[in-house]
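**Student:** Mind having a look at this structure? Questions to follow.
The values are calculated or read from the model by the stated rules, or taken from the named source; none is laboratory data. Keep in mind that what you see is a predicted model, and the values were worked out from it rather than measured. Reconstructed Cβ throughout: ideal geometry from the backbone, glycine too, with neighbour counts over all protein chains shown.
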Amino acid sequence: MRPVLTTAEMADVDARALETTMLDVLVERAGTAVALAAVDLMGGSYGRRVVAICGKGNNGADGRVAARRLEARGAKVMVVPAGSPDPIGKQGLQIDLVIDAAYGTGFRGTYEAPPVASGVPVLAVDIPSGVAGDTGVAQGRPLAAVRTVTFVAAKPGLLMGDGARLAGDVVVVDIGLNGKGSSIGWMEDADIAALLPPRPVDGHKWSAAVLVVAGSPGMTGAAQLCARSAFRAGSGMVRLGVPGGALGDLDAGEAVGVALADVGWADAALEAAERCRALVVGPGLGRAEHTGDDVRRLLAAAKVPVVVDADGLAGLGRVDRMPISLEAPVVLTPHDGEYAALLGEPPGPDRVEAARRLATATGCIALVKGSTTAVADPSGRVLVATEGTPALATAGSGDVLSGVIAAFLARGMPPLEAAALAAHVHGRAGQLGPRSGTVAGDLPMLVAQVLDER
């Protein structure tokens with residue numbers, strides 16, 4: 001996984017660097033990296049026309065170094081001060097690239113970028129100007145970049161909200177600084193092989209078994225999706241219990257049915273979980289008043305990691321009704337509405353801090369769903385997954401994610417990493433499906449395909 005540095009963490013990195021390295025040296029390195037990125041985007045430099053929007057701070061200094069470097073390679077560069085209202089490329093002047101070096105991650109306030117002619121690519125320095133470095137919230141009228149060159153590590157604002165939309169491709173450049181000390185990690189494809197334990201040669205079906213407690217009489221679709229996803233993510237045995245449901249109502253498939261009463265099913269579920277390595281509770285469970293009692297009983301006594309989703313979260317109610325002590329790790333997976341019901345307030349634009357708040361309040365692993373999914377543990381560590389796609393905005397997608405998390409837990413992953421890697425794989429699976437018309441039933445096999453490509 002790649003490190004992500006908050007603005008405060010990056011300020012510490014800069015301060016340590018300035019103890020041994022002159023600021024001019026760092027600016028020269030950063031500006032040179034921007035110039036090289038500009039050459040790459042333009043396919044050359046000689047005769048190209050570039051406009052560099054430069055502010056008064058270090059971000060602007062990086063832009064001016066890039067301008068000087070490009071001029072030395074034959075480009076025609078116009079440096080425009082930040083705040084200029086003059087349109088760029090709208091008086092018949094052909095522009096090949098705009099470098100946005102007006103303001104960096106520490107900018108506060110509103111930024112109104114000068115109008116840029118349609119079709120002119122923008123290269124942002126560190127972050128698109130006007131985007132908050134820690135939250136991704138844009139104020140004013142920032143420019144949308146095709147690429148952002150950032151230094152040492154990615155910043156949270158590049159991965160969330162408006163920032164994720166405006167940054168384009170994020171390229172992290174090493175300029176010789178020590179970026180250690182990050183509390184946030186950014187999931188990537190290499191983490192599949194690095195973090196997910198291989199299935200043991202001498203393993204058997206119970207080696208990574210999962211219990212799914214989900215569904216309700218006549219409503220077993222979510223339960224089946226969750227079970228199928230656990231299988232496709234590497235579970236060798238899935239036991240499926242539908243409270244109040246008849247075993248004969250389950251579709252024929254690989255999951256083994258477990259009889260659970262309509263009310264007071266927690267003890268039977270705990271018994272069924274004794275040979276399992278993880279369990280899921282909640283998808284399609286229903287909103288009956290007694291459901292919360294069984295969910296809380298299950299969490300308090302479970303001896304294996306538990307994933308709580310959908311109606312399981314609704315059953316918990318406010319976080320102050322959570323069990324006081326938990327024997328095993330618990331992963332909560334709320335979308336924005338479920339988050340608000342748990343904490344009494346919406347997550348807001350800062351997904352990282354939202355995940356931390358929920359993890360701290362509950363003592364659980366908190367996975368806050370979204371196009372950027374943030375996963376936090378109670379210590380404050382956060383992992384983010386950014387592969388979410390609109391294709392996943394389909395009924396049942398969350399049930400699939402829960403099954404994948406449970407399978408990764410059953411295969412022996414730590415809960416924070418299991419939840420974050422599952423979110424990454426889930427997003428990658430969504431990208432493999434059709435852009436329009438992907439349904440949740442497509443996703444389990446696509447998950448398996450992503451894992452096969454690791």
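**Student:** Residues of the range 408-417 being in contact with a Lys or Arg (Cβ under 8 Å, 6 or more places away or on another chain) and either under 13 Å from Gly370 (Cα atoms) or part of a helix (DSSP H, G or I) (or both), which ones?
**Tutor:** Leu409, Ala410, Leu416
**Student:** Hey, another quick one. Working only within the range 193-247, note down all residues that are closer than 14 Å to Leu451 by Cβ and either hydroxyl-bearing (Ser, Thr, Tyr) or touching a helix residue (DSSP H, G or I) at 6+ places or on another chain (Cβ under 8 Å) (or both).
**Tutor:** Residues satisfying the conditions are Leu195, Leu196, Ala208, Ser229, Ala230, Phe231, Arg232, Ala233, Gly234, Ser235.
**Student:** Out of Glu338, Glu327, Glu345, which single residue is surrounded by fewer than 21 Cβ atoms within 10 Å (Cβ to Cβ), in the same structural domain as Gly264 (by TED's automatic domain parsing) and at pLDDT 95 or above?
**Tutor:** Within the list Glu338, Glu327, Glu345, the selection yields Glu345.
**Student:** I'm checking my understanding of the structure. Among residues of the range 316-369 that are basic (Lys, Arg) and over 26 Å from Lys155 (Cα atoms), which one is farthest from the chain's Cα centre (by Cα)?
**Tutor:** Top of the filtered list is Arg321.
**Student:** For the range 129-151, enumerate the residues that are assigned to a loop (DSSP other than H, G, I, E, B) and more than 20 Å from the chain's Cα centre (by Cα).
**Tutor:** Ser129, Gly130, Gln139, Pro142, Leu143, Ala144, Ala145, Val146, listed by residue number.
To keep it simple, each residue is scored yes or no on (1) assigned to a loop (DSSP other than H, G, I, E, B); (2) under 19 Å from Val170 (Cβ atoms).
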site: Ala8; (1), (2): no, no
site: Ala11; (1), (2): no, no
site: Thr21; (1), (2): yes, no
site: Ala30; (1), (2): no, yes
site: Val50; (1), (2): no, no
site: Ala61; (1), (2): no, no
site: Arg64; (1), (2): no, no
site: Tyr103; (1), (2): yes, yes
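**Student:** Please determine, by comparing only the residues of the range 20-48 that are charged (D, E, K, R) and crowded, with 17+ Cβ neighbours inside 10 Å, which one is nearest to the chain's Cα centre (by Cα).
**Tutor:** Of everything passing the filter in the range 20-48, Arg29 is nearest to the chain's Cα centre (by Cα).
**Student:** Quick one: which residue in Gly181, Gly203, Gly185 is in a strand (DSSP E or B) and more than 29 Å from Arg64 (Cβ to Cβ)?
**Tutor:** Gly185
Residues checked against (1) outside the structural domain of Thr32 (by TED's automatic domain parsing); (2) of a type in the set (S, T, N, Q):
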site: Val116; (1), (2): no, no
site: Ala124; (1), (2): no, no
site: Asp134; (1), (2): no, no
site: Thr150; (1), (2): no, yes
site: Gly163; (1), (2): no, no
site: Val171; (1), (2): no, no
site: Pro198; (1), (2): yes, no
site: Val201; (1), (2): yes, no
site: Leu211; (1), (2): yes, no
